[in-house]
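In what follows, a structure is listed as structure tokens, so that the remarks can point back to it.
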Amino acid sequence: MDRRRRAAQDRGLIRVLVADDQEIVRTGLSIMLNTQPGIEVIAEAADGRQAVELARRMRPDVCLFDIRMPGIDGIEATRQLAGPAVTDPLAVVVITTFDLDEYVYSALRAGARGFLLKDAGTELLAQAVRAAANGDALIAPSITTRLLKAFAHSAPAASPPQPIDPLTEREEEVLALVARGRTNNEIAAELYITLSTVKTHITSLMGKLGARNRVEVVIWAYETKRTGL
């Protein structure tokens, strides 16, 4: 671990790599994030190949990738850094101007832990970065339900795996709320349980479903029609 990375971790900073082919956008995103407590942009990339190279070398806590980039796009860059075949995946949040179902579906399948539109604003951007760094996921609320329903209408390549152990009634309730885009705090309030209990249930769900992160839990919920919608 290099001295800069160790120093950032000692200060409790979330280290972010920003990749976008437009310099004005990269600069704007970096400025927005650097003004947020506990977040530091450590590098910028102008294309997908550079983003992957920098990410592998610097191991940021979160990568923030545009979709449309030269060389390789943000979805392929995400797949190379966080896809199912990656043994030590990085946290990736995809951000784009284009509100298209196919982009979200592809990004989440590739391993992204978040999906935002570029008009999301500083607060939501920072929330998505913090969520990804903590192993959670945040998808823009304006598109969560509609876009995640793409999973329900898209036949999976194979039948969704069955849980290692049956889900409890409470886990089913938590699963449905996670699939609807609820945060841990919202789930705790709706089910009248503590935040730590919510986290315990989500950890249990991930273990039973063989999911690496919250997004994969959501995908499974939609593919198996377990959303309660």
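The values are calculated or read from the model by the stated rules, or taken from the named source; none is laboratory data. Please read all numbers here as calculations on a predicted model, not as lab measurements. As a convention, Cβ positions derive from the backbone with ideal geometry for all residues, glycine included, and neighbour counts pool all protein chains shown. Surface areas here come from the heavy atoms of the whole protein model, side chains and all, with no ligands, DNA or RNA. Shrake-Rupley method; radii C 1.70, N 1.55, O 1.52, S 1.80 Å.
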Next on the checklist: Pairs please, first residue from segment 27-52 and without any contact (Cβ under 8 Å) to a residue 12 or more places away in the chain, second anywhere and not aromatic (Phe, Trp, Tyr), Cβ atoms under 6 Å, 6+ apart in sequence or on different chains.
Outcome noted: ASN34/VAL41
Checklist entry - Going through segment 165-188 one residue at a time, which ones are open to solvent by less than 70 Å² (accessible area, probe 1.4 Å), farther than 20 Å from ASN134 by Cα and of a type outside the set (D, E, K, R)? => result LEU167, THR168, ALA176
Checklist entry - Could you give every pair whose Cβ atoms fall below 6 Å, whose first residue belongs to segment 192-214 and is surrounded by 14 or more Cβ atoms within 10 Å (Cβ to Cβ), and whose second residue is of a type in the set (Gly, Ala, Ser) and not in a helix (DSSP H, G or I), counting only separations of at least 6 or pairs across chains? => result ARG214/ALA137
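Determine whether ALA221 is assigned to a helix (DSSP H, G or I), surrounded by 17 or more Cβ atoms within 10 Å (Cβ to Cβ) and modelled with pLDDT under 90. Break it down into steps so the answer makes sense when it comes.
Working: assigned to a helix (DSSP H, G or I): yes; surrounded by 17 or more Cβ atoms within 10 Å (Cβ to Cβ): yes; modelled with pLDDT under 90: yes.
Yes; evaluated as a whole, the condition is true for this residue.
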Checklist entry - If a residue has to be closer than 19 Å to ALA132 by Cβ, among the aliphatic types (A, V, I, L, M) and at pLDDT 65 or above to count, how many in segment 1-24 make the cut? => result 6
Checklist entry - When you scan segment 75-96, how many residues do you find that are surrounded by 14 or more Cβ atoms within 10 Å (Cβ to Cβ), polar (S, T, N, Q) and over 14 Å from the mean Cα position of the chain (by Cα)? => result 1
Checklist entry - Tell me, which residue of segment 54-74 that is modelled with pLDDT under 95 and small (Gly, Ala, Ser) is least open to solvent (accessible area, probe 1.4 Å)? => result GLY74
Checklist outcome for this item: Pairs returned, first residue in segment 63-79 that is over 25 Å from GLY135 (Cβ atoms), second residue that is open to solvent by 60 Å² or more (accessible area, probe 1.4 Å) and of a type in the set (Gly, Ala, Ser), beta-carbon separation under 8 angstrom, 6 or more apart or interchain, are none
